[in-house]
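Engineer: A single structure is presented below for examination.
Just so it is clear, none of the values below were taken in a lab; they were calculated from the coordinates. Bear in mind that the values here come from a model prediction, so they are computed numbers and not experimental data. All Cβ positions, glycine included, derive from the backbone under ideal geometry; neighbour counts span all protein chains shown.
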Amino acid sequence: MSTAVRPTARPRIEGDWLLVPAPQPHRPFRLFCFPHAGGDATAYTPLARALAPAAEVWALRPPARGGR
């Protein structure tokens, strides 16, 4: 079993508030990220891919930003 990101791994929305840009099931670490002023949770997609073997990134999706 490979620890790399699956090429078909699609971003996942958790509830109304969180985006998981590169889902990594069963990872020991979760990194919660807050977007900068006026920013969106999708800005953390490159970071999520870079950390994929070791951690799963969860980005906050505040109201009135991006898809909300």
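Engineer: List, please: which pairs have Cβ atoms under 8 Å, are six or more places apart or on different chains, and start with a residue in the stretch 27-48 that is exposed (fewer than 15 other Cβ atoms within 10 Å of the Cβ) and end with one that is of a type in the set (A, V, I, L, M) and in a loop (DSSP other than H, G, I, E, B)?
Structural biologist: Phe29/Ala54
Engineer: I want to confirm something. Restricting to the stretch 9-26 and keeping residues that are more than 10 Å from Ala48 (Cα to Cα) and of a type in the set (A, V, I, L, M), which single residue is surrounded by the most Cβ atoms within 10 Å (Cβ to Cβ)?
Structural biologist: Applying the filter and picking the extreme gives Leu19.
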